[in-house]
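Inspection log for the structure reproduced underneath, given as structure tokens.
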Amino acid sequence: MNPVATKESRCVQTRPGESVMDYQVKDIQLAGFGRKEIGIAEKEMPGLMATRQKYGSEKPLQGVKITGSLHMTVQTAILIETLVELGADVRWASCNIFSTQDHAAAAVAAAGVSVFAWKGETLEDYWNCTYRALTWPDGSGPNQVVDDGGDATLLIHLGYQAEDDPSLLDQKAGNREKQIILNLLKRIQREDPHHWHRIAKDVHGVSEETTTGVHRLIQMAEKSQLLFQAINVNDSVTKSKFDNVYGCRHSLPDGIKRAMDVLISGKSVMICGYGDVGKGSAESMRNERAKVFVSEVDPICALQASMAGFQVCTVEYALPFADIYVTCTGNRDVITAKHMSQMKDQAIVCNIGHFDNEIQVAELQAWPGIQKEEIKGSFCPVHRYTFPDGHAIYLLAEGRLVNLGCATGHPSFVMSNSFTNQILAQMDIHNNLDRLIGVYRLDKKLDEEVARLHLAKLGVRLTKMSPEQAEYIGFPIEGPYKPDHYRY
Ligand code: NAD
Ligand code: 3DD
């Protein structure tokens, strides 16, 4: 029986005479339902469960304070509880305002972890939750961070920079979310002028889950702005070639169907971007027997798409006939408000990339004479935008990632691969505290170990090389650790 948090046991003093619960979820009474689904998911996450079995008794992360900023789903609940099993002291927030599964958050909170996440957060809520996940009751911060997209890492670094140069907080924000971040940092700076310098010195490293977060880390490293080491989990083969490809192959159609209940077969679908996510997304739409078109900027990926049988064209070319648009580029302004003004009536527009800037949502909302109607609320956000000429388009999840905003994201087995890498990355940081600041990848041997942990579940029987074969092909017999030049 998991301990259910009682009001008294989980209060923290915020000001003299004032205390709040050291977690914030939609409804703690959902914990029982969450625990049932966590129990089912554990059977589908052999990699994570194997790390509990292998390392649980050693407690390799004993006393390590870890903040997570990663979609608070059933699968993430098992990542969190694995970190706790390995000895960590964990606080958690989601990395998206729509991706939390409230019953999972409740189950983890009821088990004693400080979770600050609920589906349908405002942006003010979201950034305050991120701050609370980064701040222990005694005012200290984490030793390590699990990040997905880099928002927790951003808050630490921007807060730190603003303590050196407070004028940064008066800069022109450029958009509403950035203004919300600046306002939060101003409040923190007033209350505790050295907060971020104090906590940053105890942060040893961050493990970054996704492509866009890795891009941000590399940009920061190139500007020598990084305050601590970073592990690029995304580029572990058993993460990006599984989660990004097969996870999206499963969860993209799930999101579109839950949102719109629309027939996909026979429709024309435009997939923007043919990287890992685009490959899985395009395949998923082909599996639905849609006519699939791809847009790309990279000639190699464009050639791959063409050789895979997809017609490669521009968004502009597809405007007269495409029924469904999906962005998965990690870029910005891929679908513009002008594009949407020229789309077919009843076109469906969604994004499966990490951030909501792939589609020009603010510009759409500011379009002269546009009419916005809510079709479904934050449980599965669907809005209809009607243009002055009478044609309408549907925007899913307000341009945020549709598989987690309108559905439940990737299935557990896929996330087990990603999150086993996260566990290994967190242990790697803890075992290499003196590593020079930079962005690193996990050792290739670990990648293959992660794959091995998942083979039995799918009934895979691996072929064993003979010594002669190993000698001929140049791989060590104890395991075919391919040289780095191998591409998957
Ligand atoms: P990737 O770099 O492998 O692929 C992105 C592709 O988009 C590249 O091939 C690039 O050439 C192309 N591209 C860039 N700008 C473009 C433009 N203007 N038009 C057309 N194509 C363009 O990245 P990825 O791993 O596929 O990830 C894509 C996004 O999805 C990232 O933001 C990542 O963080 C996110 N992601 C989301 C999920 C999810 O569950 N929703 C899972 C994994 C990754
Ligand atoms: N992501 C997709 N499905 C998820 C789930 N069920 N739980 C947690 C996170 C989930 C997002 C991941 O694919 C993340 O690794 C990313 O965005 O790259």
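Just for region 342-386: of the residues that are aromatic (Phe, Trp, Tyr) and either open to solvent by less than 10 Å² (accessible area, probe 1.4 Å) or out of contact with any helix residue (DSSP H, G or I) (no Cβ under 8 Å at 6 or more places or on another chain) (or both), which one is farthest from Asp323 (Cα to Cα)?
We begin by selecting, within region 342-386, every residue aromatic (Phe, Trp, Tyr); these are 355, 367, 379, 385.
The next check asks that each one be either open to solvent by less than 10 Å² (accessible area, probe 1.4 Å) or out of contact with any helix residue (DSSP H, G or I) (no Cβ under 8 Å at 6 or more places or on another chain) (or both); those that pass are 379, 385.
On the way: Phe379: 24, Tyr385: 15 Å.
Only one residue fits best here, namely Phe379.
Is at least one residue of region 303-316 within 24 Å of Tyr385 (Cα to Cα), part of a strand (DSSP E or B) and open to solvent by less than 20 Å² (accessible area, probe 1.4 Å)? Steps first, please.
Within region 303-316, the first condition is being within 24 Å of Tyr385 (Cα to Cα), and the residues that meet it are 314-316.
Okay, now just the ones that are also part of a strand (DSSP E or B), so none.
No, the conditions are met nowhere in region 303-316.
Go over the candidates Tyr274, Tyr325 one by one and state the one that is in contact with a helix residue (DSSP H, G or I) (Cβ under 9 Å, 6 or more places away or on another chain), outside any helix (DSSP H, G or I), more than 8 Å from ligand 1 (Cβ to nearest atom) and closer than 19 Å to Gly247 by Cα.
So the residue among Tyr274, Tyr325 that is in contact with a helix residue (DSSP H, G or I) (Cβ under 9 Å, 6 or more places away or on another chain), outside any helix (DSSP H, G or I), more than 8 Å from ligand 1 (Cβ to nearest atom) and closer than 19 Å to Gly247 by Cα is Tyr325.
Do you know which residues across region 367-404 are among the acidic types (Asp, Glu) and under 28 Å from Gly149 (Cα atoms)? Explain how you work it out, then say what you get.
If we filter region 367-404 for residues that are among the acidic types (Asp, Glu), which is where we start, we get 373-374, 389, 398.
Once the filter is applied, which keeps residues that are among the acidic types (Asp, Glu) and under 28 Å from Gly149 (Cα atoms), region 367-404 yields Glu374, Glu398.
If you take the residues of region 54-93 that are part of a loop (DSSP other than H, G, I, E, B) and touching a Cys at 6+ places or on another chain (Cβ under 7 Å), which of them is farthest from Gly120 (Cα to Cα)? Working first, answer last.
Let us first name the residues in region 54-93 that are part of a loop (DSSP other than H, G, I, E, B), namely 56-64, 70-73, 86-88.
Now drop any that are not touching a Cys at 6+ places or on another chain (Cβ under 7 Å), which leaves 70-71.
Details: Leu70: 15, His71: 12 Å.
Here the answer is Leu70.
Restricting to region 317-339, count the residues that are over 26 Å from the mean Cα position of the chain (by Cα) and open to solvent by 20 Å² or more (accessible area, probe 1.4 Å).
5
Among the strands (runs of 3 or more DSSP E) contained in region 141-240, which hold 1 or more residues that are touching an Asp or Glu at 6+ places or on another chain (Cβ under 7 Å), among the acidic types (Asp, Glu) and surrounded by 23 or more Cβ atoms within 10 Å (Cβ to Cβ)?
Working: elements: 144-147, 205-208, 229-232.
The qualifying strands (runs of 3 or more DSSP E) are 144-147, 205-208.
Say we look at region 115-140 and pick out the residues that are open to solvent by less than 10 Å² (accessible area, probe 1.4 Å) and in contact with a Lys or Arg (Cβ under 6 Å, 6 or more places away or on another chain); which of these is farthest from His215 (Cα to Cα)? Working first, answer last.
Within region 115-140, the subset open to solvent by less than 10 Å² (accessible area, probe 1.4 Å) is 115-117, 121, 126-127, 129-130, 133-134.
If we keep only those that are in contact with a Lys or Arg (Cβ under 6 Å, 6 or more places away or on another chain) as well, we get 116, 133.
Details: Phe116: 26, Ala133: 23 Å.
That would be Phe116.
On the basis of being free of Cβ contacts under 8 Å to residues at least 60 places away in the same chain and not in a helix (DSSP H, G or I), does Lys445 make the cut?
no
Just one of Tyr55, Tyr23 is of a type in the set (Ser, Thr, Tyr), touching a Lys or Arg at 6+ places or on another chain (Cβ under 9 Å) and open to solvent by 10 Å² or more (accessible area, probe 1.4 Å); which is it?
Answer to the check: Tyr23.
Among the residues of region 340-349, are any within 16 Å of ligand 2 (Cβ to nearest atom), under 28 Å from the mean Cα position of the chain (by Cα) and in contact (Cβ under 8 Å) with a residue 60 or more places away in the chain?
Within region 340-349, none of the residues are within 16 Å of ligand 2 (Cβ to nearest atom), under 28 Å from the mean Cα position of the chain (by Cα) and in contact (Cβ under 8 Å) with a residue 60 or more places away in the chain.
Can you name every residue in region 282-326 that is out of contact with any Lys or Arg (no Cβ under 7 Å at 6 or more places or on another chain) and within 16 Å of ligand 2 (Cβ to nearest atom)?
Correct list: Val326 only.
The values are calculated or read from the model by the stated rules, or taken from the named source; none is laboratory data. Here the structure is a predicted model, which means the values were calculated and not measured. Backbone-built Cβ (ideal geometry, glycine too); neighbour counts: all protein chains shown. Heavy atoms of the whole protein, side chains included, go into the accessibility calculation; ligands, DNA and RNA do not. Shrake-Rupley method; radii C 1.70, N 1.55, O 1.52, S 1.80 Å.
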